[in-house]
1. Contact list please: Cβ distance under 9 Å, first residue in the stretch 29-41 and of a type in the set (Ser, Thr, Tyr), second residue in a helix (DSSP H, G or I), pairs at least six apart or on different chains.
2. Just give me the residues in the stretch 40-75 being open to solvent by less than 100 Å² (accessible area, probe 1.4 Å) and either part of a loop (DSSP other than H, G, I, E, B) or in contact with a Gly (Cβ under 7 Å, 6 or more places away or on another chain) (or both), in sequence order.
3. Within the bounds of the stretch 9-32, is there any residue that is open to solvent by 90 Å² or more (accessible area, probe 1.4 Å) and under 10 Å from the mean Cα position of the chain (by Cα)?
4. Give the residues of the stretch 49-75 that are at pLDDT 95 or above and among the polar types (S, T, N, Q), sorted by residue number.
Amino acid sequence: MKYEIGGRIRFFRKKSGLTQEQLAQKIDVTKNRVSNWEQGINRPDADIIGKICRALNVSPSSLLDVHLSDEELTP
């Protein structure tokens with residue numbers, strides 16, 4: 001199964017002008033982990049998402065491609 005978040009990580013990483021290795025250093029993981037995410041082999045754990053967002057200066061909504069209106073959030 002391929003995970004969709006990898007393409008968005010790659011997009012925002014390149015937009016930020018970072019290499020996989022630079023991103024990995026910023027979030028304290030290996031370059032191979034970043035590569036695996038971007039290839040869709042696996043996806044980052046929930047506790048890493050915040051670090052990725054801060055390193056890439058992107059909102060969690062944009063990184064996860066989840067955009068909900070207030071009406072959709074109301075039960």
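1. Thr30/Ala24; Ser35/Gln20; Ser35/Ala24
2. Gly40, Ile41, Asn42, Pro44, Asp45, Val58, Ser59, Asp65, Val66, Leu68, Ser69, Thr74
3. At the first step, the residues of the stretch 9-32 found to be open to solvent by 90 Å² or more (accessible area, probe 1.4 Å) are 11, 14-15, 21, 25-26, 28, 31-32.
Still in the list and also under 10 Å from the mean Cα position of the chain (by Cα): 11.
Yes, the stretch 9-32 has at least one match.
4. Residue satisfying the conditions is Asn57 alone.
The values are calculated or read from the model by the stated rules, or taken from the named source; none is laboratory data. Remember, it's a predicted structure, so these values are computed and weren't measured experimentally. Neighbour counts run over all protein chains shown; Cβ positions are idealised from the backbone, glycine included. All accessible areas refer to the heavy atoms of the entire protein, side chains included, with ligands and DNA or RNA removed. Shrake-Rupley method; radii C 1.70, N 1.55, O 1.52, S 1.80 Å.
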